[in-house]
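See structure below.
The values are calculated or read from the model by the stated rules, or taken from the named source; none is laboratory data. Since this is a predicted model, take the numbers as computed values, not measurements. Here the Cβ positions follow ideal geometry from the backbone for every residue, glycine too, while neighbour counts run over all protein chains shown.
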Amino acid sequence: MKKVIAIVGPTAIGKTKISIEVAKHYGFEIISADSVAVYKKLDIGSAKPTVDEMSGVKHYLISELDPREQYNVEEFQKRARSIIDSSEKPLIVAGGTGLYVQSLLYDYEFKGQNRDLEFENKYKDYSNEELYNLLLSKDPTIKERIHKNNRTRVLRALEIIESTGKSITSENGCHKPYYDFYIIYLNVENRDVLYDRINNRVDKMISDGLVEEVSSLANDSIFPNAIGYKELLPYLSHEVSLETAVDEIKKNSRHLAKRQMTWFRNQMDTHFYLVNLNDIDSTINEIIKDLDVFLRS
């Protein structure tokens, strides 16, 4: 079974820098598990690493697709597994999209079943919250795995339960490893420190030209439904002030970080590391020490 190293954690925790330094140490390559950085032209808002930041480390699934192309967890799994299976060395998977990482590392299968419009029509009068509460009443373990406003996934989970009597977790085999993996979960002791980093990063994105990036995309009729992009559209159409739009990006980014922390704590077998933001090299050295043991095993 091939070895894979995953570096995960909330947004702005330092995954990019740590993964690159670990990759440089071992001579490994990195697969990005990010649902936005895979697209060309979505550079600043996705916080993708620059060429200089990559420091010569080969990165996969960054700036590979046109923004109009479809990309989802199934496509990520297919592409990432192809890269891993053809590599002679272990790969590092780095990113904050939890479902992507889970689908890659565990025996997560996609049934490819078409939408059941008759089933969906059965619940057409349910609000998202009512539908989500119904799902929780049938499978409480689904909480935090599916957002209540993701109606398609909520309906799919209900359909699986009603047709098979099994939860979406058992159907997908989410707890059976597909690779021999070591998951590094990065976090900080004080959540307020992370939130400050998020706010500062958003400010830097604005100063680096995020508004211009979103405007250029909009001129090409590209409207990404991603944090950092969707919040600026009302500003560009003169509906809100720039300050209001930036505050909304910060708020949504903090909420994303909270959801990511919940996911990685509860959904996968991780190894927890507190990031020393004042001495990140000490965190990197601690990780490398533990990885030496994993890679020898």
Breaking point among (1) among the β-branched types (Val, Ile, Thr); (2) closer than 28 Å to ASN252 by Cα; (3) at pLDDT 90 or above, for VAL73 = (3)
Members of the range 186-200 found to be among the polar types (S, T, N, Q) and touching a residue at least 24 places away in the same chain (Cβ under 8 Å), listed by number | ASN187, ASN199
Would you point out which residue out of LEU91, LEU65 is among the hydrophobic types (A, V, I, L, M, F, W, C) and within 28 Å of ASN149 (Cα to Cα)?
-> LEU65
If you check ALA80, ALA94, which single one turns out to be modelled with pLDDT of 95 or more, within 30 Å of LEU158 (Cα to Cα), in contact with a strand residue (DSSP E or B) (Cβ under 6 Å, 6 or more places away or on another chain) and of a type outside the set (D, E, K, R)?
-> ALA80
Only one of TYR273, TYR195 that is in contact with a Leu (Cβ under 7 Å, 6 or more places away or on another chain) and surrounded by 15 or more Cβ atoms within 10 Å (Cβ to Cβ) = TYR273
What do you reckon, is VAL101 part of a strand (DSSP E or B) and within 28 Å of ALA157 (Cβ to Cβ)?
-> no
Could you count how many residues in the range 199-231 are within 18 Å of HIS255 (Cβ to Cβ) and of a type in the set (Gly, Ala, Ser)?
-> 2
Within the range 42-54, work out how many residues are assigned to a loop (DSSP other than H, G, I, E, B) and either surrounded by fewer than 17 Cβ atoms within 10 Å (Cβ to Cβ) or polar (S, T, N, Q) (or both).
-> 2
Which of the residues that make up the range 184-196 are over 18 Å from the mean Cα position of the chain (by Cα) and not in a loop (DSSP other than H, G, I, E, B)?
-> ARG191, ASP192, VAL193, ASP196
Give the range 201-222 a look and list any residue that's surrounded by fewer than 16 Cβ atoms within 10 Å (Cβ to Cβ) and in contact with a Leu (Cβ under 8 Å, 6 or more places away or on another chain), or say none.
-> SER215
Is it true that some residue in the range 230-237 is touching a residue at least 24 places away in the same chain (Cβ under 8 Å) and on the phi > 0 side of the Ramachandran plot?
-> no
Give the range 40-67 a look and list any residue that's on the phi < 0 side of the Ramachandran plot and touching a helix residue (DSSP H, G or I) at 6+ places or on another chain (Cβ under 8 Å), or say none.
-> LEU42, ASP43, ILE44, GLY45, PRO49, GLU53, MET54, VAL57, TYR60, PRO67
